[in-house]
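Written below as structure tokens is the structure these notes are about.
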Amino acid sequence: MNPVRLSGLFFFILVALMAIGCTPAARIPMDTVYFNPAGPKQNSCLIVFLPGRWNTAASFADEGFVAAVRRSGLQADMMAAKAHMGYYLEHTFPERLHKDVIVPAKNRGYRQIWLVGVSIGGLGALWYDGEYSGELAGIVVLAPYLGEPETYGEVSRSGGLVKWVPPSIADNDWQRKIWFNLKTFETREKSLARLYLGYGLHDRFAVPDGMLAEVLPMEQVFTVEGGHDWATWRRLWEEILKKSVLAKKSGVAEK
């Protein structure tokens, strides 16, 4: 991992989440919630859900994400990482997700692993993919948090991610580091059939999310009317499943 890049992101997490108050300590190993498979056998594909700031791992079952996968007929097992803010604040999120979730899953025989993150969990999925390139079959990010208006406004005024050429980036300039990392998705081999983005058109993050959407293939971007809430994210998730995105990319059969 690149310690310079990570230090900037840590600063971002700390500043963005100072108002949260008491944050639970990051447990080692990172805990998970496994959603029992519908069938008797383990599937070859595993979906790992990453919660947002105010959510829990169980939220993905409570809010219908798990049931939507089962209704879709996708043959995939599902689990959620208890990746709360403590892991971000203690600078251990990518490492713990890798050592405690992804590597054990591969050792259990899962051949295709997808990360599905909402809100700051979406940022976490992008962060992990940047630190552990090649480990994942793909990622789905729903309304990911991508920084503040001052920086993404600079990117916009430059003509978008493709044309934006940042000046030299200071070690603690976390926001420009985020966007510089997003530029890697301009390359088709990095983004094609790997990164899927969804957001509500009235989401408070719709502007920066839309800027990321501009560098992705059109068929990998999903939008619906709605804001930054589970009802919107559930509709987006159901639409992504309806398009058989995960099945097509992973070669996973549908029932």
Note to self: Just to check your reading of the model, which residue among 225, 150, 189, 239 is exposed (fewer than 14 other Cβ atoms within 10 Å of the Cβ) and touching a strand residue (DSSP E or B) at 6+ places or on another chain (Cβ under 9 Å)?
What the structure shows: 225
Next item on the list: Report yes if residue 5 is more than 24 Å from residue 108 (Cβ to Cβ), modelled with pLDDT of 75 or more and assigned to a helix (DSSP H, G or I), otherwise no.
Entry: no
Checklist line | Close pairs (6 angstrom Cβ cut-off, 6 or more residues apart or separate chains): among the small types (Gly, Ala, Ser) in the range 229-253, part of a loop (DSSP other than H, G, I, E, B) and at pLDDT 85 or above anywhere | finding: 250/137; 253/75
Notebook entry, point to check: Looking at residue 156, is it more than 22 Å from the chain's Cα centre (by Cα) and touching a residue at least 40 places away in the same chain (Cβ under 8 Å)?
Noted result: yes
Next item on the list: Restrict the check to the range 120-132 and report whether at least one residue is crowded, with 17+ Cβ neighbours inside 10 Å, among the small types (Gly, Ala, Ser) and over 21 Å from residue 240 (Cβ atoms).
Entry: yes
Next item on the list: Could you list, in sequence order, all residues of the range 214-232 that are at pLDDT below 95 and either in contact with a helix residue (DSSP H, G or I) (Cβ under 6 Å, 6 or more places away or on another chain) or of a type in the set (A, V, I, L, M) (or both)?
Entry: 215, 216, 218
Checklist line | Unique match (being among the basic types (Lys, Arg), under 24 Å from residue 209 (Cβ atoms) and in contact (Cβ under 8 Å) with a residue 24 or more places away in the chain) among 108, 53 | finding: 53
Notebook entry, point to check: How many of the residues in the range 53-103 are farther than 18 Å from residue 135 by Cα and part of a helix (DSSP H, G or I)?
Noted result: 17
Checklist line | Out of 197, 136, 161, 182, sole residue that is in a loop (DSSP other than H, G, I, E, B) and under 30 Å from residue 105 (Cα atoms) | finding: 136
Notebook entry, point to check: Quick check: is even one residue across the range 141-152 under 16 Å from residue 243 (Cβ atoms) and touching a helix residue (DSSP H, G or I) at 6+ places or on another chain (Cβ under 7 Å)?
Noted result: yes
Next item on the list: Take the range 141-166 and flag every residue that is among the aliphatic types (A, V, I, L, M) and under 17 Å from residue 213 (Cα atoms).
Entry: 141, 142, 143, 146, 155, 161, 162
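Give 132, 152, 196 a once-over and let me know the one that is farther than 26 Å from residue 91 by Cβ and modelled with pLDDT of 85 or more. Explain how you work it out, then say what you get.
Numbers: 132 fails: farther than 26 Å from residue 91 by Cβ; 152 fails: farther than 26 Å from residue 91 by Cβ.
Answer to the check: 196.
The values are calculated or read from the model by the stated rules, or taken from the named source; none is laboratory data. Keep in mind that what you see is a predicted model, and the values were worked out from it rather than measured. Cβ coordinates were reconstructed from backbone atoms using ideal geometry, including for glycine residues, and neighbour counts include every protein chain displayed.
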